[in-house]
1. Per-residue HN-Hα couplings for region 285-291, Karplus 6.51 cos²θ - 1.76 cosθ + 1.60 at θ = phi - 60°, whole Hz, x for Gly and Pro?
2. Can you give me the long-range amide H partners of GLY40? Hydrogens built in the peptide plane at 1.01 Å from N, cutoff under 5 Å, separation of 5 or more residues or another chain.
3. Rounded, prolate or oblate: pick one for region 72-163, where a ≥ b ≥ c are the square roots of the eigenvalues of its C-alpha gyration tensor, a/c under 1.5 means rounded, and failing that, prolate if a/b is larger than b/c, else oblate.
4. What is the set of long-range amide H partners of TYR213 at a cut-off below 5 Å, with H atoms built 1.01 Å from backbone N?
5. Tell me, SER144, SER303, SER266, SER68 in order of fewest to most beta-carbon neighbours within 10 Å?
6. Quickly work out the GLN262-to-THR198 label distance, labels modelled 7 Å from Cα along the C-beta direction, and quote it in nm with one decimal.
7. Does a label point 7 Å from the Cα of SER73, set along Cα-to-beta-carbon, have any residues of region 186-229 with amide nitrogen under 14 Å, and which are they?
8. Return THR139, THR217 ranked ascending by Cβ neighbour count within 10 Å, so the fewest neighbours appear first.
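Taken together, the values in this text are just the output of simple stated rules run on the coordinates, not laboratory data. Given the structure is predicted, the values throughout are model-derived calculations rather than measurements. Cβ coordinates were reconstructed from backbone atoms using ideal geometry, including for glycine residues, and neighbour counts include every protein chain displayed.
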Amino acid sequence: MIKILNIIDARPQIIKAAAISRAIKNNFANKIEDIIVHTGQHYDKNMSDIFIDEMNIPQPKYNLNIGSGSHGSQTAAMIKGIEEIILSEKPNAILLYGDTNSTLAGAIAASKLHYPVIHVEAGLRSFNKKMPEEINRITCDHCSTLLFTPTETGLFNLNNEGFNITAKAPFTIDNPAVFHCGDVMYDNSLYFSKISSTKYDISKMHNVKSNNYILATIHRDNNTDNPKRFESIIRAIIDITESNKIDAIIPLHPRTSKILSQDLNSALFQKISNSKYIKIVPPASFLEMIELERNASIILTDSGGVQKEAFFFKKPCLILRSETEWVELVENGNAVICDADYHKIIDNYNVMNKKNDFSWSNIFGNGKASEFICEKIIETI
């Protein structure tokens, strides 16, 4: 039996872990022991517990209860907590996802103790090292023994960084294995979309017409903590809804909701609060978010995960960042990088809203990435 420490934190990691845990439970329960470790990064009941329950993930055996804090203090506390668990559990490997501080902490703790690291979503690059996530994902990749990249671009990036993408076993941190596996988030979207449509009626819940509203998500600190950028995005959403007489739904991350009420200039705050088109709602569960995405006409987001989900459900996307690690979406014409530029958001909304020649090619695999990952873990660890 292979014992895996499956490390999660907030929404993105929990959702990715759901695909792996489901594959283990359904197909590999007699070969892989799935031990969930929740670091407690940015812990909020609506952002964590509801996802664990709704997605039927095994309850965490450990919760470090780290909470929010500076990058340094948060990561240091996680390294200490994860190290103690590794020494106690003595797993065969540590499974990490994406690019959060939990990812970085797990990679450092495991590699220092000479335990194999498995990185799901390896090879993604924004090529902007001012982003904490870029540092986290690069560091994790270079601490890993098994790297699973969701796209061909990820494979290309790793090859360019000196990884031997044709390496042969035995695999170690010095001779890592690189696999192009497809995207576990695509696995989840296919699986959970069958459930979400029976559980949520977005039209009734939010009094909107299906395929006739904007879905907007804003949570990255370089948008929310920068008043000029935040106001530019909010002003663009207000003006788009008013000029097009179209509704917008904005599920707000807890910290963004606080910033909206406290830091946005009073005139703009009153305007968005009194808008008859804009509906500010609490954080959505994953199943509800799927339905919000499936029924939107267009999506505006600074989230990497939501960019992909927009593609999965064939929705055009405006990216509220200066770059994206999912370059395929832009190259394919399904998404446009607008940053927090008011005019780019307005102009590209008008273009994408009228465009009808989108191509939805098979970029993210066959929906069985999680099974592939489990099989390779069994073969190589």
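1. Couplings: 5, 5, 5, 5, 5, 4, 5 Hz.
2. Amide H neighbours of GLY40, under 5 Å, 5+ apart: LEU64, ASN65, ILE66.
3. Oblate, because a/c is 1.5 or more while a/b does not exceed b/c.
4. SER297, ILE298
5. SER266, SER68, SER303, SER144
6. Here the answer is 4.3 nm between the modelled labels.
7. Under 14 Å, as judged by backbone N against the label point of SER73, lies no residue of region 186-229.
8. Going from sparsest to densest Cβ surroundings: THR139, THR217.
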